Every structure is written in structure tokens, then in C-alpha cells.
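Please read the structure below before turning to the comments.
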Amino acid sequence: MRIRQFGDPTLRRPAEPVTEIDAEVRAICATMVEAMLRANGAGLAAPQIGISKRIIVLDVEGQFHVLINPELVLVEGETEELSEGCLSLPGVSAPVTRGSRATIAGTTLDGERIEITGEGLLARAIQHEMDHLNGHLFIDHLTPARRKSAVQEYKRKQKHEEA
Ligand code: ZN
């Protein structure tokens, strides 16, 4: 299973809510966790494996979560500019400004409703993965000039990889 790359239309489509946690949803979650671990990622959203459903997985500093239908409850704290990357744009990173603390609510695979508040890297991963569910990528937060150079960098690396 290959992680969908920049340019794939699924990455730009707002994802649909999950209506029932059934065997199919469990299988999607298992695939996502596997893909995230294999890629050494801090998180992954279902559209990144080509599935337009509102599911994210997070693995940041020992905090591991699978969340169905997550909603961003609150972003607060100081805004921080930190270098960010994405498994759908491998090899590219750029500084993105985000709130330093974020809270999301969602449902676990056991059907339990939970809230997660994260700071630092977890806050960033939460906001980054929520963006994916709305069809947004981290480069959308950049100025047009920085976005253009990030895309060029990505294309250059892809070409290099193909060669
Ligand atoms: Zn991403």
C-alpha cells in the first residue's frame, strides 16, 4: 500500500464522516497504523491512503491514537513557527505557523468518545491531520512564494527518485 502523493485528487477532497464502526473501518484503521509506522510518521489521515473518510491516526511522543470523526475543539496558546513535513510530500519541509495547543474530540475504535489535548508536536500533528480531512495540505499555509518553492522542491526530489 502506497501513501498517496501530492497531486492525488483524494488529498484535496473533504472527507466523509464515518457512519458506523464496522469491519471495514477497522481494516482501514489497521492499514493506516501500519502505513504510518512503516513510514515513521507522526500521524496519518485516511485520505492519504486514498480513502475519503474522517479517520486519523497519531503517534507522537508515546501518545498513540486512532480517532474516528475527529473534530477540532480548540486551538490556543502562542502561535509557533516550526518546520513541518508530510508523508504525501516526502522530502519537503517548510516552516508553518500554528497554535501551540490543540484539543480534538472523536470516537475510538471501541466507540468511546474521547478528547485529546496536545502541546508542541502533538498539537501540530493534530492540526496537520485535521487539515487533511478538509482537503488541505501544510503547504496551503505558506505564502505563495514559499508554496511554489516547496512544490518545486517536491517535484525535483520525485524526479531524482524516479531516475
Ligand atoms: Zn500530512
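What translational diffusion coefficient, in µm²/s and rounded to a whole number, does the Stokes-Einstein relation yield for the chain at 20 °C and a viscosity of 1.002 mPa s, taking the hydrodynamic radius as the Kirkwood radius over Cα pairs? Please list the in-between numbers first.
Numbers: Rh = 16.0 Å.
The Stokes-Einstein estimate is 134 µm²/s.
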Problem - Only Lys, Arg (+1) and Asp, Glu (-1) charged, at Cβ; the range 69-163 dipole about Cα centre in debye - result: 640
Handout entry: Helix-only mean residue ellipticity at 222 nm for the chain, each DSSP H run of n ≥ 4 adding -39500 (n - 2.57), per residue, nearest 500
Key = -10000 deg cm²/dmol
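Tell me, what is the percent relative contact order of the chain, built from C-alpha pairs under 8 Å that lie six or more residues apart? List each step's numbers first, then the result.
Working: 303 pairs, mean separation 37.8, N = 163.
Relative contact order of the chain: 23 percent.
Once you have the Cα-Cα distance between Met1 and Asp22, take 0.36 nm times their residue separation minus that, and quote the gain in nm to one decimal.
On the way: separation 21, 0.36 × 21 = 7.56 nm, distance 2.10 nm.
This chain segment gains 5.5 nm when fully extended.
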Problem - In degrees, nearest ten, helix 120-133 long axis to first principal axis of the chain (Cα) - result: 90
Practice task
Please work out how much length the chain gains when fully extended from Thr31 to Glu153, using 0.36 nm per residue of separation minus the C-alpha to C-alpha distance, in nm with one decimal.
Solution key: 41.1 nm
Practice task
Report the relative contact order of the range 57-98, percent, no decimals, based on alpha-carbon pairs under 8 angstrom and at least 6 residues apart.
Solution key: 27
Completion exercise
In degrees rounded to 10, the 0-90 angle between helix 23-38 Cα long axis and the longest Cα principal axis of the chain is 40
Handout entry: Principal-axis tilt of helix 144-162 within the chain, Cα atoms, nearest 10 degrees
Key = 90
Fill in the blank from the handout: Expected unfolding gain across Thr143-Arg13 under the 0.36 nm per residue rule, minus the alpha-carbon gap, is 44.6 nm
Exercise for the section: With 5 Å bins from zero, work out the P(r) of the range 89-163 over every alpha carbon pair and list the percent per bin. Expected result: 3, 14, 18, 19, 17, 11, 8, 6, 3, 0
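Using +1 on the beta carbon of Lys and Arg, -1 on that of Asp and Glu, and nothing else charged, what's the dipole of the chain about the Cα centre, debye to 20?
Numbers: 19 positive and 24 negative charges, 179 e Å.
Here the chain has a charge dipole of around 860 debye.
Any read-out appearing in this document is the output of simple, stated calculations on the displayed coordinates, not a laboratory observation. Here the structure is a predicted model, which means the values were calculated and not measured. Don't worry about glycine lacking a Cβ; one is built from the backbone with ideal geometry, like all the others, and counts go over all protein chains shown.
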